[in-house]
1. Looking at the chain only, what percent of DSSP beta bridges run antiparallel? Nearest 5 please.
2. How would you order 69-75, 312-318, 334-340, 344-350 from highest to lowest mean count of nearby Cβ atoms within 10 Å?
3. Calculate, for residue 41 and residue 180, the FRET efficiency according to 1/(1 + (r/R0)^6) with r their C-beta to C-beta distance and R0 22 Å; round to the nearest 0.05.
4. Calculate, axis by axis, the spread of Cα positions in the range 224-295 along the three principal axes, and write the results as whole Å, longest axis first.
5. Calculate the spin-label point distance for residue 313 paired with residue 63, positioning each point 7 Å from the Cα along the beta-carbon direction, and give it in nanometres.
6. Let me see the P(r) profile for the chain: every Cα-Cα distance counted, bins of 10 Å, each bin given as a percent of all pairs.
7. Just subtract the alpha-carbon distance of residue 119 and residue 426 from 0.36 nm times their residue separation and send over the number in nm, one decimal.
8. How much length would be gained if the chain were fully extended between residue 239 and residue 362, taking 0.36 nm per residue of separation minus their Cα-Cα distance, in nm to one decimal?
């Protein structure tokens, strides 16, 4: 069974599409399942794995989406239970379901049947699929299928194509930011509270032709910036939860809080209480933690009458297999300090002024980086979790590496949209120039492996190329679109 656990999800998708089972599918409660249409593979990296499937459970036919996970517990671990994109799922399938759980639950509370594929698939099929992936990728890395041939391609060809993908990826981020900006503006006009009210954007929104003058409201820009920063602070495992927190404790609510010398303490209090991460003092054993909770409880009790939003479940946050520096507790503490700068330090204008006035791009890059390095202080300087002191001092809530990623993934695309909307084309071009020369300190496993495959290790810290490598792997290699890739066209023809 251990070999089964290692099977990647893309192989499970193959099992789902082939529908080769040793016995008819049934639910845990014994109802027969007939797959009338497996659905269409969702090529986006968000939402259920298969769209528009048709299945019959018992005598009822359902049309909707299918989500496939390695383990039953991944439904919650991946945040599907709190993500509206999964509200249309009609069947959850997992390779493993240790406790034979019969259902998962969507964010809107609907109960969805869950089946365990390993009960129905021949072991030989699983073994063959695992053998196949091991042959394609013996070292377990994200190696490109053409990696043994890339040495025959000139660096100019590779760099030109990867740079093009890097620019395309940047524009995709800008488009996503602009879409959210329009949504926030529309909701502010309708005075709809989010996420307390579940809403569907109307045809009025989709037909609306937004004008630049529509985006003059300061609070809309602050809310957008707040959400993007919190998403970046959430790392890979808690970004959905961090965005949900930013939507719940929104800018309009935060501006109701009285400004005084303990404003950061108040922000910490409301963020931790709304996130569901604060326990009652009865379950805390250390005096230091009890004193901290009692102090922020006083602040929360003063703020609570102004809050009429939702509260999150503490169990939705991920700590497992995260470096302590990336724990949501540390990131929320850092976020509280950034919130003060957004609302009372006029952070958006400060950054805009720097981008306009600093002409030396290297100086500008370092100046932007420094804005998001947050040194630790207070209770969280010596704790990663509430009831246990850290072994050493927590030096930063947001360190240099995370600051780097914030500049690349938030600041540059956000301000490209900002200056584009307000008609400053020259500054927009300046931001693209910054993006093209930016040298990031961090990378991820995809970047490392793709750079190795392309023999471009030395260039992999150039942001435009690093982002292009991610796009190459996700949108070409992993989808077997080799003959749509400029490198693949040369290699395989």
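1. Numbers: 21 of 30 bridges.
Rounded to the nearest five, the antiparallel share is 70 percent.
2. On the way: 69-75: 19.4, 312-318: 16.7, 334-340: 22.9, 344-350: 14.4.
Answer by packing, highest mean first, reads 334-340, 69-75, 312-318, 344-350.
3. Details: r = 26 Å, r/R0 = 1.18.
In this case the efficiency is close to 0.25.
4. In descending order, the Cα extents are 38, 32, 15 Å.
5. Inter-label distance under the simple model: 3.1 nm.
6. Result, from short to long distances: 3, 16, 24, 27, 20, 8, 1 percent.
7. Numbers: separation 307, 0.36 × 307 = 110.52 nm, distance 6.07 nm.
Stretched fully, the residue 119-residue 426 segment lengthens by 104.5 nm.
8. Values: separation 123, 0.36 × 123 = 44.28 nm, distance 2.92 nm.
Gain on stretching residue 239 to residue 362: 41.4 nm.
Values in this text are rule-based calculations from the coordinates and carry no lab data. Predicted, not measured: the structure shown is a model, and the values here were computed from it. Note that we place each Cβ from the backbone using ideal geometry, even for glycine, and neighbour counts take in every protein chain shown.
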